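The values are calculated or read from the model by the stated rules, or taken from the named source; none is laboratory data. In this text the structure is predicted, and so the values were computed from the model without any measurement. Neighbour counts are summed over all protein chains in view; Cβ atoms, including those assigned to glycine, are modelled from backbone coordinates with ideal geometry. Side chains included, ligands, DNA and RNA excluded: accessible areas come from the protein's heavy atoms. Shrake-Rupley method; radii C 1.70, N 1.55, O 1.52, S 1.80 Å.
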Amino acid sequence: LMAATGQDPIRKDVLEMLLRIFDREGIRVVPTIQLATPLPRLEKESLATNSQESGIRWIGRDGQDWLEQHGTAGGLAPYYNPLNPRVQTEVGALIAELVQRYGQHPALAGIGIQVAGNGYGVLPDLAWGMDDTTVTKFSRDTGIPLIGAGPQRFEQRAEKLLGETSSQWIEWRAQQLSGLYAGLANSLTSE
């Protein structure tokens, strides 16, 4: 919306407008997105699933959701766990939609992702990602068995992942996030 108060009677596609102006003037631009706001399909899915199991949202060592503990800062927050394949797919779909919608503009020189600490484009500290899906994927990928059942499973996982297997946990998390960005870059260059 053009007005901060939301009183814009006719919604405008500001990026389309800017790209048309830049096309006309021969200016190239790389618009950026900040992965820090809710995505409709993930919101719908997270409402229909248990966050502790699905891994769409960040789950900590106490089994609590990051948003429940910390809230948002002006609506911006690390809403989702980018280690989760479903989240990665949705971020990829977001980029693909931007390319499909605006890719015909000569002014569009690429799409940037703002990697900021208040979004889900970066990883929070190592104690986050204790949900069933993320830990199962880590265990499967690394061959490191992780114990834990019942309500205490999150704390049990955290003790092992932040203790004796912390170097593998750090490396695996970095590989997952790097893989997300490499996949996005490949999809952009193939378009």
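Does the stretch 150-167 hold any residues that are in a helix (DSSP H, G or I), open to solvent by 40 Å² or more (accessible area, probe 1.4 Å) and more than 14 Å from Glu53 (Cα to Cα), and which are they? Before the answer, list the steps.
Quick first cut of the stretch 150-167, residues in a helix (DSSP H, G or I) only: 150-161, 166-167.
Adding the requirement that they be open to solvent by 40 Å² or more (accessible area, probe 1.4 Å) leaves 151-152, 155-156, 159-160, 167.
Glu155, Gln156, Glu159, Lys160, Ser167, listed by residue number.
Output the residues belonging to the stretch 179-191 that are assigned to a helix (DSSP H, G or I) and open to solvent by 70 Å² or more (accessible area, probe 1.4 Å). Walk me through how you get there before you give the answer.
Here is the first cut: in the stretch 179-191, the residues assigned to a helix (DSSP H, G or I) are 179-190.
Matches in the stretch 179-191: Asn186, Thr189, Ser190.
Taking the criterion of being without any contact (Cβ under 8 Å) to a residue 60 or more places away in the chain and among the aliphatic types (A, V, I, L, M), would at least one residue in the stretch 98-106 satisfy it?
No, that holds for no residue.
Being of a type outside the set (Val, Ile, Thr), farther than 23 Å from Gly119 by Cα and assigned to a helix (DSSP H, G or I) is true for just one of Glu53, Glu16. Which residue is that? Even if it seems obvious, please write down each step before you answer.
Details: Glu53 fails: farther than 23 Å from Gly119 by Cα.
When all the criteria are applied, what remains is Glu16.
Of the conditions (1) under 24 Å from Leu126 (Cα atoms); (2) open to solvent by 60 Å² or more (accessible area, probe 1.4 Å); (3) not basic (Lys, Arg), Leu83 clears all except one; give me its number.
Here Leu83 meets the rest and fails (2).
For the stretch 103-123, give me the residue count where each residue is more than 17 Å from Gln34 (Cβ to Cβ) and buried (at least 17 other Cβ atoms within 10 Å of the Cβ). Write out each step before concluding.
Taking the stretch 103-123 as the starting set, the residues that turn out to be more than 17 Å from Gln34 (Cβ to Cβ) are 103-109.
Pick out the ones that are also buried (at least 17 other Cβ atoms within 10 Å of the Cβ) and you get 105, 107-108.
The number of residues fulfilling the criteria is 3.
Thr133 versus (1) more than 18 Å from Thr37 (Cα to Cα); (2) among the hydroxyl-bearing types (Ser, Thr, Tyr); (3) in contact with a Leu (Cβ under 8 Å, 6 or more places away or on another chain): which is the lone unmet condition?
Against the list (1) more than 18 Å from Thr37 (Cα to Cα); (2) among the hydroxyl-bearing types (Ser, Thr, Tyr); (3) in contact with a Leu (Cβ under 8 Å, 6 or more places away or on another chain), Thr133 comes up short only on (3).
Run down Ile95, Ile144 and say which single residue is under 19 Å from Thr32 (Cβ atoms) and either hydroxyl-bearing (Ser, Thr, Tyr) or open to solvent by less than 50 Å² (accessible area, probe 1.4 Å) (or both).
Values: Ile144 fails: under 19 Å from Thr32 (Cβ atoms).
Unique residue meeting the criteria: Ile95.
Working only within the stretch 23-63, note down all residues that are closer than 21 Å to Thr89 by Cα and in contact with a Pro (Cβ under 7 Å, 6 or more places away or on another chain).
Restricting attention to the stretch 23-63, the residues satisfying the condition of being closer than 21 Å to Thr89 by Cα are 31-59.
Answer for the stretch 23-63, where residues must be closer than 21 Å to Thr89 by Cα and in contact with a Pro (Cβ under 7 Å, 6 or more places away or on another chain): just Trp58.
Quick one: count up the residues across the stretch 24-61 that are surrounded by fewer than 16 Cβ atoms within 10 Å (Cβ to Cβ) and at positive phi.
Here the count works out to 1.
Take the residues in the stretch 17-68 that are at pLDDT 95 or above and of a type in the set (Asp, Glu); name whichever of them is nearest to Asp132 (Cα to Cα).
Ranking the qualifying residues of the stretch 17-68, first place goes to Asp23.
For the stretch 168-178, enumerate the residues that are among the hydrophobic types (A, V, I, L, M, F, W, C) and either surrounded by 14 or more Cβ atoms within 10 Å (Cβ to Cβ) or part of a loop (DSSP other than H, G, I, E, B) (or both).
Here is the first cut: in the stretch 168-178, the residues among the hydrophobic types (A, V, I, L, M, F, W, C) are 169-170, 172, 174, 177.
Across the stretch 168-178, the qualifying residues are Trp169, Ile170, Trp172, Leu177.
Hey, any hits in the stretch 132-141 for a residue that's open to solvent by less than 70 Å² (accessible area, probe 1.4 Å), in contact (Cβ under 8 Å) with a residue 24 or more places away in the chain and of a type in the set (Gly, Ala, Ser)?
No; the residues of the stretch 132-141 include none that is open to solvent by less than 70 Å² (accessible area, probe 1.4 Å), in contact (Cβ under 8 Å) with a residue 24 or more places away in the chain and of a type in the set (Gly, Ala, Ser).
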